[in-house]
Amino acid sequence: MRILSVINQKGGVGKTTTTVNLAHALALSGKKVTVIDLDPQSHLASSLGLNGRDYVGMDEVLLKGAPIKPSMIKVRENLNLIPAGADLGQIEHLVEAGAKKGARLKQALTGNLQDQDYILIDCPPASGLLAVNALMASNEVLIPVAGDYLSLEGLSFLMATIKNFEQKLGHKLKERIVLTRFHVRRRLPKEILEKILEYFPGKIFATQIRETAALAECPGAGKTIFEYRPKNNGAIDYRELAEDLKFDRTLSPVHEGEVL
């Protein structure tokens, strides 16, 4: 079982979009997948056509130590959701959180959901206790990065945060990056891609997720891109990204004279 945190402290980079569509792509390929909503805004559940606040979910698991499996909801063939729950945001306001509360998700997953091939955790755009729980429970992180310079700066900060986390807790994470909201004909996203390849060689997946209106529209319909526009570029890209994830297909650094 592979457990991935889809994380970036910067908002608007496509974390939830990537979580839901990558998960459905894996499920459509025959893999058993569970997505966990660790964002109190519950956008992951909304993207799948549910109101995550209507269900008991990760709020009970993290605040009260409840078992995780009863909160699992089958949302598509081979795809399950564990929703955020109405009170998940309260965990960030705990005065005395302590190290044990940072490991509650890991404890909840231990010995459970072993029939799943992938667990994808949709993280909030913050670095508090929810993010610590996600990182502690994961063995991999997937970092969506939009094609702009502010996202590149945020990536550098996040990578440093992850390294600090690894050193303090002795928990090694495999890091992978996916470039989202990619404009093929614009120069800036290509420059951002070149910079990421330079600074983080071997860590960026081969597929870039192209900017398309359908990816922004499908959450409003409660559908994934494969249900909303199955022939759209977004569907093509997320299928390819699923293959990147399965086989760890990454880009090589760009050498002088090469063209992306």
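Observations, loosely collected:
- Cut-off under 5 Å, modelled amide H: who pairs with residue 173 long-range: none
- Counting only DSSP beta bridges with both residues in the chain, the antiparallel share comes to about 15 percent.
- Column: log10 I(q)/I(0), Debye, Cα scatterers of the range 98-163, q = 0.12, 0.23, 0.24 Å⁻¹: -0.37, -1.06, -1.12
- Listed residue pairs exceeding 30 Å between alpha carbons, taken from 15/69; 106/195; 74/190; 32/101: 106/195; 74/190
- Mean accessible surface per residue for the chain, computed with a 1.4 Å probe while every protein chain stays in place, in Å²: 45 Å²
- Taking amide H positions as modeled 1.01 Å from N, with prolines and chain starts lacking one, the residues under 5 Å from residue 121 and 5 or more places away or on another chain are 4, 5, 6, 36.
- Three-way shape call for the range 1-133 based on the alpha-carbon gyration tensor, with the a/c threshold at 1.5: prolate
- Percentage relative contact order, the chain, counting C-alpha pairs under 8 Å, at least six apart: 24 percent
- Environment charge of residue 122, counting only residues whose C-beta is closer than 12 Å and scoring Lys/Arg +1, Asp/Glu -1: -1
- Whole-Hz ³J(HN,Hα) from phi, Karplus 6.51 cos²θ - 1.76 cosθ + 1.60, for the range 162-177, glycine and proline x: 5, 4, 5, 4, 4, 5, 6, 9, x, 10, 7, 10, 7, 9, 9, 10
- For peptides 221-233, 11-23, 141-153, sequence by mean Cβ density within 10 Å, most packed first: 11-23, 141-153, 221-233
- With a Förster radius of 22 Å applied to the beta-carbon distance between residue 217 and residue 51, the computed FRET efficiency rounds to 0.70.
- Since only 91, 171, 214 are under comparison, the one whose Cα sits farthest along the positive direction of the charge dipole of the chain, derived from C-beta charges on Lys, Arg, Asp and Glu, is 171.
- Sulfur and carbon atoms: percent of accessible area, the range 1-148 [1.4 Å]: 49 percent
- The range 169-224: relative contact order as a whole-number percent, Cα under 8 Å and 6+ apart: 43 percent
- Figure note: 198, 243 ranked by solvent-accessible area, largest first, 1.4 Å probe, ligands and nucleic acids not counted: 198, 243.
- Under 5 Å, built H, 5+ apart or other chain: amide partners of residue 182: 209, 210, 211
- With contributions of -39500 (n - 2.57) from each DSSP H run of at least four residues, the per-residue ellipticity at 222 nm computed over the chain stands at -11500 deg cm²/dmol.
- Each residue of the range 11-16 is assigned a 3J(HN,Hα), and the resulting list reads x, x, 9, x, 5, 5 Hz, derived from the Karplus form 6.51 cos²θ - 1.76 cosθ + 1.60 (θ = phi - 60°), x at Gly and Pro.
- Each of 33, 68, 11 was scored by the projection of its Cα onto the charge dipole of the range 1-69, and the greatest displacement toward the positive side belongs to 33; charges sit on the C-beta of Lys, Arg, Asp and Glu.
- Label-to-label distance for residue 77 and residue 164 is 4.6 nm, based on points extended 7 Å past Cα in the beta-carbon direction.
- Whole-Hz Karplus values for the range 180-185 come out as 10, 6, 8, 9, 4, 8 Hz, taken residue by residue from phi with 6.51 cos²θ - 1.76 cosθ + 1.60 and θ = phi - 60°; glycine and proline positions read x.
- Our summary gives the range 45-118 a relative contact order of 34 percent, counting only alpha carbon pairs under 8 angstrom and 6 or more residues apart.
The values are calculated or read from the model by the stated rules, or taken from the named source; none is laboratory data. Quick caveat: nothing in here was measured; it's all calculated off a predicted structure. Cβ atoms come from the backbone with ideal geometry, glycine included; neighbour counts cover every protein chain shown. In case anyone asks, the SASA skips ligands and DNA or RNA and just uses the protein heavy atoms, side chains included. Shrake-Rupley method; radii C 1.70, N 1.55, O 1.52, S 1.80 Å.
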